[in-house]
Amino acid sequence: MVRILVACAVGAALAVVATLTVTTVATTSATSVEPVNETLYNYGDR
Amino acid sequence: MPATDPARPSPRQRRAAFSCFLHRWGPAGIGLAAGAAVLGPALGPGYVLRYDMVFVPNAPLSPAALGWGDGFPRAVPSDAVAALLGMVLPGDVVQTLLLLTVFVLGAAGAARLVPGPGLAARSAAALAYVWNPFLAERLLLGQWALLLGYAGLPWVVAAAARYRGPRDLPRVGAALVPAAIGGFSSAVLSALVALPIALLRPWRRAIAASAAVLGCLAVAALPWLVPALASAATTDPAAVDVFAVRADTPLGTVASLLSLGGIWNARAVPPGFAEPVGAVGRLVLSLVALTGWGWLLRRGPQPGFQAGLTAAAAAGLLVALAGTVEAGRGVLRALIDLWPGFGPLRDGHLYLAPLALLQAVGLAGAVQWWGQSGGRGTARGSRAATRLLAGCALLAPVVLLPGLAWGAWGTLRPVDYPHEWVTVQRLVNEDPHEGALLSLPWSAYRGFPTGKDAATVVLDPAIKMVDRPVVWNDALRVRDGEQLRVVAGEDPRAQRIAPLMGDDGLPRDTPDLAQRLAAEGVRYVLVDRTNVPEGSSLGFAHTGFTAVHDGPLLLLLKVTD
C-alpha cells in the first residue's frame, strides 16, 4: 500500500512540475531574445 | 486440429525475440528519438549556427583544419572530419548526422553500463545521459565536437574496465574514436575517466592497463597534440575567472553543479532553466541518481568500473568547484601560467561529464533498487506502483528540462548562407597564390541573421570557409555585469595585427595599411558588412587594395601592395 501511495505521489508531483515548467518555458522563450545589432558581438555574458 | 509448423516460432518465442530486440536496440532508439526531439527544427535543411558550432558549405580541408594554423588547434581534427564528410555529403546533412550521432551513441553507451537486466533501468540511463543540463548547455554553446567525446565516454569506461591484456587494445582504440574526432577537450575528458578506471585495480594489472590506456589516448590525441606542441600559442590565465562555473539557478553554484548545470555563459542555458520549480526537481533527481549509484556500489549488481568512475566524477566536480573560490582560481591561474598545457582547466563545467554519466547509471540503479525492494511481492498494485515509478524515473529528465526540446524551444534553427558567402569562398579558394585572409570586423563572433530582426551569435564562418590561413581576432570578449572581460588571443600573427584596429573592429585609416598587412602575409581582406557597427567607415581609402567582390553583405579586397 505504501509503495502505491509513494508512486502515486511521485507521479502526481511530476505531472504538476511538468505543467508548471512547460508553461514557464513557453512564456520565457517568447520573451527572451538573442542580441541583435550589437556593436561587436561577445562570446557570451556571464 | 491443424498441425503446428515446427519452423514457425511460437508466440512465446516471438515475445522473447522482441524482448531481445528491445534490450539490444531500445536504448539507441531512445537516443534517436531524444535527438529528434531535442534538435527538432534543426533537422531541416540548412545550417544550425550557434557560438562555436559553425558548419559551412564546401568546407575545405584547410591547413588550419589539419592543425597547421597559427593558433591553438582547438578544432582539430573535428573540422577536418567534417570537411572530409562534406566531400561526399552536403555540409548541413553532415552536421545533422554528427549531432544525431551524439544522442544515439551516448544513449546506447550509457545503457550498456547498467549492470544486470531490466529494460526500464537501461532506458532510464539512456535518456538521462542525453537529456540533461550538461548536454543542453554545451549544445547551446555549439560545442558539438566535445559532445561527440561525451557520447563516447560510456564506451571508453566499458573498454577501460574490460581491459585484461593486449588483445583488448582494439576495443579501447575503437572506444576512443569519438574522442579522437572530437579533439582536445574530448580527449581530456576521456583521459579523466579512463585513467582512474585503469589504475584502480591490483597494481600489476593497473600498470599494464594504464600503459595501454595512455598509449591509446596518445595515439588518439596525435592529430592535435603534435601541432599544439609545435605552436607558439599561449593561454591567458585570466580565462580562469571568465570561464569559471556560476549559479544558473536560484539554488546556488553547488546545487547547479550537482544538477549538471553551471556553465559560465548565461546565454547557453535552455529557456526556463532558472525557474525554481524545475531547478528543485532537477536537484532532487540528481540526489536520487546519486543514491541509486550508492546502492549499486553497496548492494546492487557491482559494475566493474565503480571506483574509477566515482573517482573521475569526484575529481571533475572538484575542478569545477575550484573555480568558485578565489583560492581555487588562484591555483588554476598559477598552473596555466606555469605551463599552457594546463589551459583546459579554465573551463570547469567541462569536467562535470563523468558526473553526468555516473548519475545516468545511478538513476538506473535507483529504478532497479525500487523494483527489487518490492518486486518479490506478487500483488498487482505493487507491480503497478513499480512500473509507475520506473516510468516517472524514465521521463523525469525530460519533464524537468522541457526547455531543451524542439531545438531548445526554437533557439537552434537552420539558416541558409546567403549566396554571397559561396561566391566569396569560390573567389578566394580559386586563387592559386598563397597569402592569408584577414577577416573583419576584428571580433571572433558574428551576429548571423536568422530572419527579420533576429540573429544568432556564431564564430566567424570565414574561418572555416577558405582554404588558406585566416587571421581573425581570437581574443574572447565576455560581458560580466557592467564589465567587459577580454581573454587574450593565442595567435601570434593576430596579436601583431591587432594594434592596426580601432575600437569599432575596423582598421584605422593609415596610409601604409596595405603594406603592413602585406608584410604579415595577408593577401585578402574580407569585411562582413552586416556586422560593421553603425556609423563606422571602412578604412581602405588609401591605395593598396582592389575590390574583388563588393556586395551588400560582404566586401572582399585583395591587397595589391
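The values are calculated or read from the model by the stated rules, or taken from the named source; none is laboratory data. Here the structure is a predicted model, which is why all the values come from computation and not from measurement. Neighbour counts are summed over all protein chains in view; Cβ atoms, including those assigned to glycine, are modelled from backbone coordinates with ideal geometry.
Tabulated values for the structure
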item	result
Residue selected from the range B:402-417 under the condition farther than 15 Å from residue B:275 by Cα and touching a Ser or Thr at 6+ places or on another chain (Cβ under 7 Å), by the criterion nearest to the other protein chains (Cβ to nearest Cβ)	B:409
Any hit, the range B:64-76, residues being modelled with pLDDT of 95 or more, under 30 Å from residue B:497 (Cβ atoms), within 21 Å of the chain's Cα centre (by Cα) and crowded, with 20+ Cβ neighbours inside 10 Å	no
Some residue of the range B:346-361 being more than 12 Å from chain A (Cβ to nearest Cβ), aromatic (Phe, Trp, Tyr) and under 20 Å from the mean Cα position of the chain (by Cα)	yes
Qualifying helices (runs of 4 or more DSSP H) (wholly inside the range B:83-201; at least 3 residues being under 20 Å from residue B:344 (Cβ atoms) and either not small (Gly, Ala, Ser) or not assigned by TED's automatic domain parsing to the domain that holds residue B:467 (or both))	B:133-140, B:144-161, B:177-182, B:184-199
Odd one out for residue B:28, checked against (1) small (Gly, Ala, Ser); (2) in a helix (DSSP H, G or I); (3) crowded, with 24+ Cβ neighbours inside 10 Å	(3)
Answer residue from the range B:461-497, given it is basic (Lys, Arg) and in contact (Cβ under 8 Å) with a residue 24 or more places away in the chain and is farthest from the other protein chains (Cβ to nearest Cβ) among those	B:468
Unmet criterion (only one of (1) more than 23 Å from residue B:371 (Cα to Cα); (2) in a loop (DSSP other than H, G, I, E, B)) for residue B:320	(2)
Positions within the range B:269-283 being in a helix (DSSP H, G or I) and at the interface with another protein chain (Cβ under 9 Å from one of its Cβ atoms), in sequence order	B:277, B:278, B:280, B:281
Answer from B:192, B:229, B:200, B:225 - the residue that is more than 14 Å from chain A (Cβ to nearest Cβ) and farther than 21 Å from residue B:336 by Cβ	B:200
Condition met for residue B:166 (free of Cβ contacts under 8 Å to residues at least 12 places away in the same chain and not charged (D, E, K, R))	no
Residue check for residue B:22: under 29 Å from residue B:422 (Cβ atoms) and either touching a helix residue (DSSP H, G or I) at 6+ places or on another chain (Cβ under 7 Å) or assigned to a helix (DSSP H, G or I) (or both)	no
Selection within the range B:246-257 - more than 14 Å from chain A (Cβ to nearest Cβ) and either outside any helix (DSSP H, G or I) or more than 16 Å from residue B:277 (Cα to Cα) (or both)	B:251, B:252, B:254, B:257
